[in-house]
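Any read-out appearing in this document is the output of simple, stated calculations on the displayed coordinates, not a laboratory observation. Quick caveat, the model's predicted, so the values are computed rather than measured.
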Amino acid sequence: MSRLPTLTLYTRLGCHLCEQAESGLRALDYRYEAVNIDLDPVLKARYGHDVPVLALGDRVLLKGVLGRGRLSALKLQLLREVQANGTP
């Protein structure tokens, strides 16, 4: 089981970069919730054309092209943070 926190992936329908990001997240065993920004005017105004955006709470971790290389590097960083903070 992953020790990583559940992340939020801000997406929109028909976004090929969003689909690529979801594929990479699944392949690397991330826990995430996909949120369609077009269903929320506040999120749509905040993220607009920046999707996909990967966030942990209010902290934006990555945006744009989220290939497996970037996602792998982020996973290592997050695992180190979890270990340093002593959280399960």
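Summary table below
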| quantity | calculated |
| --- | --- |
| Gained length - Leu79 relative to Arg26, 0.36 nm times residue gap less alpha-carbon distance | 17.4 nm |
| Relative contact order, percent, the chain [alpha-carbon distance under 8 Å, six or more residues apart] | 36 percent |
| Full-extension gain in nm, Arg59 to Ala34, via 0.36 nm per residue minus C-alpha separation | 7.4 nm |
| On Cα atoms only, tilt of 16-27 relative to the major axis of the chain in degrees | 20 degrees |
